[in-house]
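Visitor: This is the structure I have questions about; it appears just below.
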Amino acid sequence: MQTPFRRSLPIIAALVSLGVTAPAMAQEASGVRSTHGGWSIICDTPPGASSEQCVMMQNVVADDRPEIGLSVVVLKTADRSAEILRVLAPLGVLLPNGLGLNIDGQDIGRAYFVRCFDDGCYAEVILEEPLLTSLRQGELATFIVFQTPEEGIGIPVELEGFDAGYAALP
């Protein structure tokens, strides 16, 4: 069952080119609308936008590697045609290996990094139903970044509150 995390990669490149920049917007702590477990709903009106945009976000750090952290963001595109799972990983990760995902011990697959900026590198997937169901029903997601082809660093993300937060995401 590895395809849900990979299947929509061509669509993601198009979304990135449209400038969907939720993690940058989500860093505005003043826009926290609600919290659900470890997840926060953050809303803001980006410069030039005609309406408010909201994301569901969780920031995490590897237990044994405090210099390795992730921002995990769920957002709906401005036209409401898709939901996206976007993960910001730190600079220095091995890009060809992509970002691995494991939910409750089940290997979901890998997503490719699509772009790097000063704040890190982004991997994205469209939240299709099989992946969304796994996230809503799961307890623990482990995102895996690589520093070498052999060395994966697992970063746990609590899924408690994901279902309620997703339901509350405008």
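Visitor: Give, as residue ranges, the strands (runs of 3 or more DSSP E) completely inside segment 53-170 that count at least 2 residues that are over 13 Å from the mean Cα position of the chain (by Cα) and in contact (Cβ under 8 Å) with a residue 12 or more places away in the chain.
Guide: Counting at least 2 such residues, we get 53-61, 99-103, 106-111, 113-117, 140-146, 152-158.
Visitor: Then there's this: Going by the structure shown, is Ser81 surrounded by fewer than 16 Cβ atoms within 10 Å (Cβ to Cβ) and under 29 Å from Ala167 (Cα atoms)?
Guide: So Ser81 passes the test.
Visitor: Next up: Taking the stated definitions as given, is Glu129 more than 19 Å from Ser40 (Cα to Cα) and out of contact with any strand residue (DSSP E or B) (no Cβ under 7 Å at 6 or more places or on another chain)?
Guide: Yes, satisfied.
Visitor: Could you say which residue among Asp107, Asp163 is modelled with pLDDT of 95 or more, out of contact with any strand residue (DSSP E or B) (no Cβ under 7 Å at 6 or more places or on another chain) and more than 16 Å from Leu85 (Cα to Cα)? Spell out how you get there, then give the answer.
Guide: Details: Asp163 fails: more than 16 Å from Leu85 (Cα to Cα).
The conditions single out Asp107.
Visitor: Would it be correct to say that Gly120 is small (Gly, Ala, Ser), surrounded by fewer than 14 Cβ atoms within 10 Å (Cβ to Cβ) and more than 17 Å from His36 (Cβ to Cβ)?
Guide: So Gly120 fails the test.
Visitor: Something else about it: What number of residues within segment 128-160 satisfy the criterion of being touching a helix residue (DSSP H, G or I) at 6+ places or on another chain (Cβ under 8 Å) and buried (at least 19 other Cβ atoms within 10 Å of the Cβ)?
Guide: 6
The values are calculated or read from the model by the stated rules, or taken from the named source; none is laboratory data. The structure displayed is predicted, hence computed values, not measured ones. In this analysis, Cβ positions are derived from the backbone assuming ideal geometry, glycine residues included, and neighbour counts consider all displayed protein chains.
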